[in-house]
Amino acid sequence: MGDIPLPAPPPETQLDLYRWMVLTRTLDDRIMALWKQGRGVGGTFSGKGHEAIAVGAGLALGADDVVAPMHRDLGCYLVRGLTPERIVANQLGRITGVTAGRDANLHGMGDLELGIIGFVSHLPQSMSTAVGAAMSFTYRGEPRVAMAFAGDGSSSTGLFHEALNLAAVQRAPLVLVVENNQYAYSTPLSQQMAIDDIADRGAAHGVPATIVDGNNVEEVHSAALSAVAKARAGGGPTMIECKTMRMLGHAIHDGAEYVPAELLEHWRRRDPIDRYRKRLLKRGVIDDEGVSTIDKECADAVEAAVEFAESSEWPDPASVERGVYAP
Amino acid sequence: MGDIPLPAPPPETQLDLYRWMVLTRTLDDRIMALWKQGRGVGGTFSGKGHEAIAVGAGLALGADDVVAPMHRDLGCYLVRGLTPERIVANQLGRITGVTAGRDANLHGMGDLELGIIGFVSHLPQSMSTAVGAAMSFTYRGEPRVAMAFAGDGSSSTGLFHEALNLAAVQRAPLVLVVENNQYAYSTPLSQQMAIDDIADRGAAHGVPATIVDGNNVEEVHSAALSAVAKARAGGGPTMIECKTMRMLGHAIHDGAEYVPAELLEHWRRRDPIDRYRKRLLKRGVIDDEGVSTIDKECADAVEAAVEFAESSEWPDPASVERGVYAP
Amino acid sequence: MTGANFGFAAPTAEAAGTEMTYIAAISEALREEMRRDGDVVVLGEDVGGSFGGAFKVTQGFADEFGDRRVMNMPMTENAFIGAATGMALMGLRPVVEVQFADFITTGFDAIVQFAATNHYRWGAAVPWVIRAPADGGISSGPFHSQNPEAWFVHTPGLKVVVPATPADAKGLLISAIRDDNPVVYFESKPLYRSLRGEVPEGDHTVPIGRARLARAGTDVAVVTYGAMVHQAVTAAQTLEADGIDVAVLDLRSLKPLDTEAVLELAVATGRVLVIHAANRLAGVGAEIAALIADEAFDRLDAPVRRIGGLDVPVPFSPPLEAAYRPDATRIADEVRALARW
Amino acid sequence: MTGANFGFAAPTAEAAGTEMTYIAAISEALREEMRRDGDVVVLGEDVGGSFGGAFKVTQGFADEFGDRRVMNMPMTENAFIGAATGMALMGLRPVVEVQFADFITTGFDAIVQFAATNHYRWGAAVPWVIRAPADGGISSGPFHSQNPEAWFVHTPGLKVVVPATPADAKGLLISAIRDDNPVVYFESKPLYRSLRGEVPEGDHTVPIGRARLARAGTDVAVVTYGAMVHQAVTAAQTLEADGIDVAVLDLRSLKPLDTEAVLELAVATGRVLVIHAANRLAGVGAEIAALIADEAFDRLDAPVRRIGGLDVPVPFSPPLEAAYRPDATRIADEVRALARW
Ligand SMILES: Cc1ncc(C[n+]2csc(CCOP(=O)(O)OP(=O)(O)O)c2C)c(N)n1
Ligand SMILES: Cc1ncc(C[n+]2csc(CCOP(=O)(O)OP(=O)(O)O)c2C)c(N)n1
Ligand SMILES: [Mg+2]
Ligand SMILES: [Mg+2]
């Protein structure tokens, strides 16, 4: 985990990784602010701290690949092409949102044109769905890969194990990204499981697993690139355990008083975006002006999205029964 | 697995292990014969080949311990004190059966007085139930242990992993006996999982796992004794993988034509009862006359049970709605 | 009364377009669809290899279509139904066998939470079929005899069908496979090899959502589905001697329900008996009875009566199961009472 | 309209024997039973520690009763409900919190296949309670708004209760804990902190299986439960102006159902409206309507009508959810129609 320094990706990729992380954080912060101002609808989730995982893994996929992100993976939805407009509109329950007001916050934000499978609360249903997508690629002889995200909490569920086992025995082209953010809601790892690394769960199914620093975007990206390449080449599934920390509460209402302040402080110093900015500045891939430009671009994009969403129509109540069935 | 010769248990224990295995086999054979003669009701299962596991593990428990056996563990029900009478009557749907005609074959054959939890088809529900029983022992500070049985097929289910994880994180006094009999119905291990040993699944949850020859009753018994002692002493759960072979079809109707003849032949030569008889004869713990006596006793007991069961009353249809709820 | 009641071992392939068993019609439908459409794949426990499924519906399929199209699954219903959803999202048309309908609960989340809600939430279709061998009456005990259809009828986003004849078994399975929505297809185990009937050759489809008048009649209407259709017809034949002319409506599809056909018959007869083998309490029959009692209120000459299983787990022992389960005798008695009302 | 609608953060402990919120009554009942009986243990996701559950029902419990009695569970509903069954078999009385009723499906097998059938099969009692925070109307979307009670009413061997008032929330929870059978206790999230009421101090039990007349009336009877009781009472008040005298029956217990109370009221009024927030199709209301339409057939002056949720996943966006969900206005309209019949 970060012992051997990785070769840096090309500068363009570095900028991409950085830019998407900043957009993710900006959007995330803005959504939190909206809710705090009472302008939200229902509850919502922050993925603060998860940017390097969502972006680093998401950007490892090709256009024809498919991904099943979850509630902390705002960055992944973005890199796959969901616009901030559609995302904010979704959170506000508007007709212009990804689910047109049908599903809440980041739930159900799927779009098959963009290779995104929408998730359900019942965790981690997305994982078995991604395995099935991967099996369909093998069946059809398509060189495509499916990526699933799962949390530490999810890694104890039966479905996690069933899905991983199925992927292994079918040698499905699956990349599983485990976001170990130390907590499932208020429950720390020590009360969830008696192991140190979730990567150990790979051995139960014959799935190779690596552990990466989930706050180091290049490390995540590099591991994801390898796993994707391996899966695409017929090498079967890989698990990547990303160690990170959920920097806010479980959801908007949760103050997370149960998290020790030192733990948060420890991870705050390892903020994925701050670290990467410093690194890029040091490497000369970006300068202060470049940083400001990206900040500004992201802020503008997010502002426009909020404006778009808030001025979007509510769904027509008369449409409520529409769309339950495919025609 | 059988490399270091184990010290033999006391002669009395050896005879016990042998006697219960013979009773198990005799009863099993007799039930199969009944069904072949068209005297059965519904379907039924044979545990042929599993005798050393069911008996060896079952006899490692104390009177206050609790066990959740399944459909191949006839021997375990017997050693816990269910009489052949009640067992055959259950299989024949009579009022004198363990479930009084409510449940089929070995299903639901529970009796809390005897520390047996009845199982349901939905595998492996018994496992989580046993974990809960074990947790109740810890909660009450009782020095009791819960034992669960599960098959290779069950080891891929989500519930298996959830239950094992729960046992681990709660340090529950659980002994899990995995009966790896190479097949789940018609499906060989190679199509169920991508690992060689089910014991590897322990590592996913921090549960120590040992592998034993499931056709060597002393090996099973010894491993179970250690695991039970450890659990009782507060050492948490243990998994024991017993390698064996299902010697007949999945259930009475299944000819198991999908099993290679050589595989069966290989295991036939390792029959747990034949092997143990030879061993006891060689050790002088038993002589030919002793063998005949046991055979005769078991045959008589089983014959009496069949007679009892077949002459037992059918349940009264008017009672069909009775007993759904505890009063 | 052994597993042979399911005819576990008997062959399922028969010459097309002839009289055949209910189970052979299922096999035929599936085989024909797989020949027609390479997107149709089969998965489930023990469906592959030389074995071909607990009931042999897919016997010979692995030989014909290959192991990648007829996939043996580990015993993990939640995962493999979820995987079927993933395949369906990618454009395949998976047909999943749950070994017994009783085990469908193990994959409940994958069905009711994900697959069923998917199109409503984000507009992506899930064109799978789950084949679920259901029903009892053959001493299989509480876990191999269940009729869990009510749970799925109550779930928005699913379709639910229950064929009662070989022809419908074929026609509804083909329609279910071609439908772009998740369809739960309940098979009646007691009919598997005991029921034979004419089955149209080739591309025979039965529209999902349309009931079938199994028997015309003017005095009392019996509304039912699955194996109970045959008990009802038997009862109706008996009742000829009593001078009672009984109509039997075979619903075939429970979701969507053919409310028009139900109400038409209710109005025509004014006396309706609703029957299913599933336990009566809060079963599908309650919906049908409530519907009729509401919409045909002033056309009823007698209360809408229901017969169903008792509110107990399906008991194993034959005398108990017989007491649990509706049959032609109880149906005839109830129809007589309605006719006299 | 944030998570604060559930009052995630507000305190739940209040002085006993006073007016208190619905959720405080739940906490109080549980706390009192735990003080009374050392066999009562609590388990579920996030119920322990300083956190005390997603809705804070068990806040302070870990401090008072210790970590071994208030157990945080990994996110594994099937296993921990199964474990509760094992504890119950050993004589404990576990109270399980599923974080939202929507997640009860993840433990479906443990409930409907094992716990529910256990006593019938081999005579061993399973005295657990599952607390399931249900219902919507507060923009929580398809997976935090469900009302899955129909599935459990259809399952033999369970009891199902749904309190509508703080007093019943306490009384039914205490009764459920003392009951020797598995009881699913559905809580109405929208009432948690919006509803206050008198709650008897101390050992207050409410018998499971007995309805409560929430409002007497002679013209039309509304039969309902949970949060809809209050919508019905509101509608009834409105309808006074129309000169329609509406009775409201709060079922409280769905299994067993107080059929006597239901039928008595149906006979007394001759006009019945059945309401629930769960989707109407094949919901519990169908059973109630079918029951009334059958047993009170010749005493009805109008058809038994039902209002329920639409046959769609509970939609998130407020205008859609409002269209999905019954409310006082729709109830009043329907009652007027019935009164005019
Ligand atoms: C089956 C199920 N049970 C309970 C919940 C409620 N719940 C939502 S998120 C969550 C914690 C998830 O933890 P983890 O997988 O670590 O993801 P994180 O939120 O930490 O990113 C819980 C318990 C759920 N979504 N699904
Ligand atoms: C959840 C579930 N799905 C399917 C079945 C049907 N079934 C009964 S036993 C069995 C195979 C079990 O294999 P294993 O666990 O290896 O036990 P074995 O029969 O080999 O002893 C299957 C698939 C079941 N009982 N439960
Ligand atoms: Mg987490
Ligand atoms: Mg096996």
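A few notes on this one:
- Meets criteria (within 13 Å of another protein chain (Cβ to nearest Cβ) and crowded, with 17+ Cβ neighbours inside 10 Å) for B:D254: yes
- Some residue of the stretch D:269-278 being touching a residue at least 40 places away in the same chain (Cβ under 8 Å), under 24 Å from D:G53 (Cβ atoms), assigned by TED's automatic domain parsing to the domain that holds D:G308 and not basic (K, R): yes
- Among (1) more than 21 Å from C:T85 (Cα to Cα); (2) at pLDDT 95 or above; (3) not basic (K, R) - the single one C:V161 does not satisfy: (1)
- Out of D:R330, D:R336, D:R325, one residue alone is closer than 18 Å to D:L239 by Cα, under 22 Å from the mean Cα position of the chain (by Cα) and basic (K, R). It is D:R330.
- Conditions (1) surrounded by fewer than 22 Cβ atoms within 10 Å (Cβ to Cβ); (2) in contact with a helix residue (DSSP H, G or I) (Cβ under 9 Å, 6 or more places away or on another chain); (3) not in a helix (DSSP H, G or I); number of the one not met by B:T13: (3)
- The single residue among C:A278, C:A282, C:A247 that is within 16 Å of the chain's Cα centre (by Cα) and outside any helix (DSSP H, G or I) turns out to be C:A278.
- Single match in B:S136, B:S121, B:S126 (criterion: closer than 18 Å to B:F45 by Cβ and assigned to a helix (DSSP H, G or I)): B:S126
- The residue of the stretch B:73-108 that is surrounded by the most Cβ atoms within 10 Å (Cβ to Cβ), among those that are more than 9 Å from chain D (Cβ to nearest Cβ) and hydroxyl-bearing (S, T, Y), is B:Y77.
- Scanning the stretch C:86-95 for any residue that is more than 16 Å from ligand 3 (Cβ to nearest atom), of a type outside the set (V, I, T) and within 19 Å of the chain's Cα centre (by Cα) turns up at least one such residue.
- A:V285 crowded, with 20+ Cβ neighbours inside 10 Å, out of contact with any Asp or Glu (no Cβ under 6 Å at 6 or more places or on another chain) and in contact (Cβ under 8 Å) with a residue 40 or more places away in the chain: no
- Residue that is nearest to the other protein chains (Cβ to nearest Cβ) [pool: residues in the stretch B:187-229 that are more than 19 Å from the chain's Cα centre (by Cα) and among the acidic types (D, E)]: B:D200
- Check on D:D46, more than 11 Å from chain A (Cβ to nearest Cβ) and either at pLDDT 95 or above or within 16 Å of ligand 3 (Cβ to nearest atom) (or both): no
- Every pair of residues 6+ apart whose Cβ atoms lie under 7 Å, when the first sits in the stretch A:243-271 and is over 21 Å from A:I31 (Cα atoms) while the second is away from ligand 4 (no atom under 16 Å from the Cβ) and of a type in the set (D, E): A:K243/A:D213; A:T244/A:E179
- With respect to the stated conditions, A:A33 fails to be part of a helix (DSSP H, G or I), over 28 Å from A:E289 (Cα atoms) and away from ligand 3 (no atom under 16 Å from the Cβ).
- The strands (runs of 3 or more DSSP E) found entirely in the stretch D:128-219 that carry 1 or more residues being crowded, with 23+ Cβ neighbours inside 10 Å and under 11 Å from the mean Cα position of the chain (by Cα) are D:129-134, D:159-161, D:183-188.
Residues are listed down the side, and each one gets a yes or a no for (1) away from ligand 3 (no atom under 16 Å from the Cβ); (2) aromatic (F, W, Y):
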{"site": "A:A148", "(1), (2)": "no, no"}
{"site": "A:F160", "(1), (2)": "no, yes"}
{"site": "A:L164", "(1), (2)": "yes, no"}
{"site": "A:P173", "(1), (2)": "yes, no"}
{"site": "A:S190", "(1), (2)": "no, no"}
{"site": "A:D200", "(1), (2)": "yes, no"}
{"site": "A:I211", "(1), (2)": "no, no"}
{"site": "A:N216", "(1), (2)": "yes, no"}
{"site": "A:E241", "(1), (2)": "no, no"}
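- Scanning the stretch B:62-118 for residues being among the hydroxyl-bearing types (S, T, Y) and more than 23 Å from B:G132 (Cα to Cα) gives a total of 2.
- Search result, residues across the stretch A:296-327 that are surrounded by 15 or more Cβ atoms within 10 Å (Cβ to Cβ), away from chain C (no Cβ under 14 Å) and touching a residue at least 60 places away in the same chain (Cβ under 8 Å): A:C298, A:A299, A:A301, A:V302, A:A305, A:V306, A:F308, A:A309, A:S312, A:W314
- Extreme residue, nearest to the other protein chains (Cβ to nearest Cβ), among residues of the stretch A:109-141 that are within 16 Å of ligand 1 (Cβ to nearest atom) and in contact (Cβ under 8 Å) with a residue 60 or more places away in the chain: A:T129
- Residues within the stretch B:142-183 that are among the acidic types (D, E), within 8 Å of ligand 2 (Cβ to nearest atom) and touching a residue at least 60 places away in the same chain (Cβ under 8 Å), tallied: 1
- Residue pairs meeting the criteria (Cβ under 7 Å; at least 6 apart or on separate chains; first more than 11 Å from A:M109 (Cα to Cα) and within 16 Å of ligand 1 (Cβ to nearest atom), in the stretch A:71-89; second in a helix (DSSP H, G or I) and among the aromatic types (F, W, Y)): A:G75/A:W20
- Residue in the stretch C:131-150 that is among the polar types (S, T, N, Q), farther than 18 Å from C:L310 by Cβ and in contact (Cβ under 8 Å) with a residue 40 or more places away in the chain present: no
- Selection status of A:T210, in contact (Cβ under 8 Å) with a residue 24 or more places away in the chain and either away from ligand 1 (no atom under 16 Å from the Cβ) or under 30 Å from B:D197 (Cβ atoms) (or both): yes
The values are calculated or read from the model by the stated rules, or taken from the named source; none is laboratory data. The structure displayed is predicted, hence computed values, not measured ones. So basically every Cβ, Gly included, is an ideal-geometry build from the backbone, and we count neighbours across all protein chains shown.
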